[in-house]
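See structure below.
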Amino acid sequence: MQCQICQKKEATIHLTEITDGVRSEMHLCELCAQEEGIAVKSQLSINELLTGLLATQPSDDELFGDSEHELSCPHCSITLTQFTKEAVLGCPYDYEVFEKQLQPLIEKAHNSKTVHRGKVPSKTPKETKKQINLTALRQQLDAAVQSEDYELAAKLRDEINQLK
Amino acid sequence: MKLTDISGDINEWFDGSGPLADIVISSRIRLARNLAGYKFLSRCSVAEKSEILDKLKDILMSLELGDKISYLSVDKTPALDRHLMVERHLISRHHAFGKGPRGVVIAQREFFTAMINEEDHLRLQVLKGGLQLSQCAVQINRIDDMIEERIDYAFSPRYGYLTACPTNLGTGIRVSVMLHLPALKMTGQIEKFLNASRDMGLAVRGLFGEGTEAAGDFYQLSNQVSLGISEAEVVAQFENAIIPEIVEYENAARNQLLSKEPDVLDDKISRAMALLRNAHLISSQEALFLLSHLRLGINMHERMGASTPAIEKLCKISAGGADKPLNLSITTINRLFMLTQPAHLQLNCGKTLDAAHRDVLRAQIIRSALNG
C-alpha cells in the first residue's frame, strides 16, 4: 500500500480514527507520519543533530556582521561552524564556551536529559559529589511529579532532604 | 602477542557458552574517556597524540587483569592485521583505518581491549559470551577505577565524562548486545523488532559483514542515551527488560516455525546444508546467510529438542560416508562464521588473496568442516 501523502513510499503506519461514530483510516510512510507528528523519530544520527544545530543558530552575519568574529574557544580555537563540519569538539572547555549553543543538541541526543547521573571519579571532592547527587535527584523528582508518580516523588524528596 | 596466535580459533566470547547463548551471541560494554588537560584528538598535534598514547599505554600495560596483555601500535600494523582485529571485534573500523599515532591494548583471552586515540583518548571495552552485561559492567568499572587512580579524566559535575562527540557525553557508556534472530526473520517479524527498538531509542546494526547490513541474521542492539541515566540503569534496562523480551519473541517464532511451518524451516536448513557441503565458490555474504540457518537448526535441536527430518539429518551427518557422526556443534558453526571472514582466511593461509581466491578457500574450509 502506498503512502497517502507522498504517494511514493510504502505505507507502514496505519491509523484508524473513530470520530462521532465515523471511522476514518490513514496509511502513511514513516517519513510523512513523522512530519504529521504521528510517529516519533527517536533515532537521530550525529549528522542530523548537527544540521539541526546550524539551523537553529542565528547566522554569523546576524550576530557579528561578519564571520571573522565568530565565537571561538580560547583553548582550542574551534568555532561552531567547524564543529558542525567535523562532528567532534576540540577540547573539554567547548562544553562551557558553547554551552548555550550546544544545549539543544545535547537535549535531542539524550532524550531531553541535560544533567549527568552515574559514575563520578573517586577523586572528586565530597561536596561536589553531593551536589551532583542532589542535581540528579531533583531532576528525577521533577520527572516523578510530572508523571504524577507521587509515591516515588515522596521517596525522592526524603532522599533530597537527607542529603542536604 | 602475534595475531596469528589468535587468528586460528574463535574468541572465548564466541564459544557458544554463556547465558542464552543460542540467541544472545555476546554482551559488550564500552566506556569513552578523555584525559584532563589535553585537547580532544581532532585538535591535537602529532606530538600531543604521541604523549597521550605513551601515558595511557604505560598505565594500561601495568594493569592487573588476570590475563596476559599485549600492546599493538595500530598505525604501524599491516592493513591485514588491522582487518583481522576488526573482524574479531577487538577494535573499531574507525580505529583500524584512522590517522595518527594510536594503539590498542588486548587481553590474551580477548575479553578486554582498550583503544588509545580512537575518537576519544581512551575507549575501554569488555566483551563476554551470552547475556552477561552485569558481569561486563563490574569488570569494566573496576578497570576504569584502576586507571583513574593514576590519571585525571576530563569530567564536569554537570555533564559527567566529557567526550569529543556530545552523543557520548555523561557516563560515556555504550552497551551493545549481539543477537542471532533467524526465526524472527523467517516469520517476517524482523521489521517489527527493528521498529520497536528504534522507538525505544536504541540503535540497531549488523554484526558481521560490511557496513550496517545485518548479514546472517545477526543484529547488534545498543543504547544511544548516555546522559542523565546511570550506568546501572542502562545495564538493567537491557538485561532485565529489553533483551529477555526479544529472546522470548525469537523463541516464540522458533516454536511457531516448528508447529506451523516445519516445511519452511526444513527447506531452509536442507538447502543451506546442500549448498554449504557442495559449493566450490562461496562469498562471505552467502556463507553468513547459509550458516545462519544451520546455526538455527542445531540450536533448535540442542535447546528445544526439535526433531524435524532436516534437523535430524543435520545432527546425524556422517564423515565421508562413514557411520561415525560428525557431531556438528554450535562451536563448529561459530568457528566457520569467524574463520571464513576475509582477513582470517588470508592470515591463516599466510598470503594475500583476491576475492575470487578467497571464495574458493572459504568453500573448501566449509566443505571439509561439514563433510569430514
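The values are calculated or read from the model by the stated rules, or taken from the named source; none is laboratory data. Given the structure is predicted, the values throughout are model-derived calculations rather than measurements. Neighbour counts are summed over all protein chains in view; Cβ atoms, including those assigned to glycine, are modelled from backbone coordinates with ideal geometry.
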Scope region B:170-209; condition within 21 Å of B:A232 (Cβ to Cβ) and either touching a Pro at 6+ places or on another chain (Cβ under 7 Å) or crowded, with 20+ Cβ neighbours inside 10 Å (or both); matching residues: B:G170, B:T171, B:G172, B:I173, B:R174, B:V175, B:S176, B:V177, B:L202
Helices (runs of 4 or more DSSP H) wholly inside region A:61-158 that include at least 1 residues being at the interface with chain B (Cβ under 7 Å from one of its Cβ atoms) and either loosely packed, with under 13 Cβ neighbours inside 10 Å or touching a strand residue (DSSP E or B) at 6+ places or on another chain (Cβ under 8 Å) (or both): A:94-97
Where B:T4 falls short, out of the listed (1) modelled with pLDDT under 95; (2) over 18 Å from the mean Cα position of the chain (by Cα); (3) more than 19 Å from B:L339 (Cα to Cα); (4) of a type outside the set (K, R): (3)
Among (1) in contact with a Leu (Cβ under 8 Å, 6 or more places away or on another chain); (2) crowded, with 20+ Cβ neighbours inside 10 Å - the single one B:I91 does not satisfy: (1)
In region B:95-117, the residues that are buried (at least 19 other Cβ atoms within 10 Å of the Cβ) and free of Cβ contacts under 8 Å to residues at least 60 places away in the same chain: B:H95, B:A96, B:P101, B:R102, B:G103, B:V104, B:V105, B:A107, B:F112, B:T113, B:A114, B:M115
Subset of region B:151-173 (residues that are within 7 Å of chain A (Cβ to nearest Cβ), in a loop (DSSP other than H, G, I, E, B) and among the hydrophobic types (A, V, I, L, M, F, W, C)): B:A154, B:L162, B:A164, B:C165, B:L169
Out of B:D323, B:D354, sole residue that is farther than 22 Å from B:S292 by Cβ, charged (D, E, K, R), assigned by TED's automatic domain parsing to the domain that holds B:A272 and modelled with pLDDT of 95 or more: B:D354
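Name the helices (runs of 4 or more DSSP H) wholly inside region B:266-372 in which the number of residues that are basic (K, R) and either surrounded by fewer than 18 Cβ atoms within 10 Å (Cβ to Cβ) or at positive phi (or both) is 1 or more. It would help to see each step written out before you state the result.
On the way: elements: B:284-304, B:309-315, B:330-339, B:342-349, B:355-371.
Those helices (runs of 4 or more DSSP H) span B:284-304, B:309-315, B:355-371.
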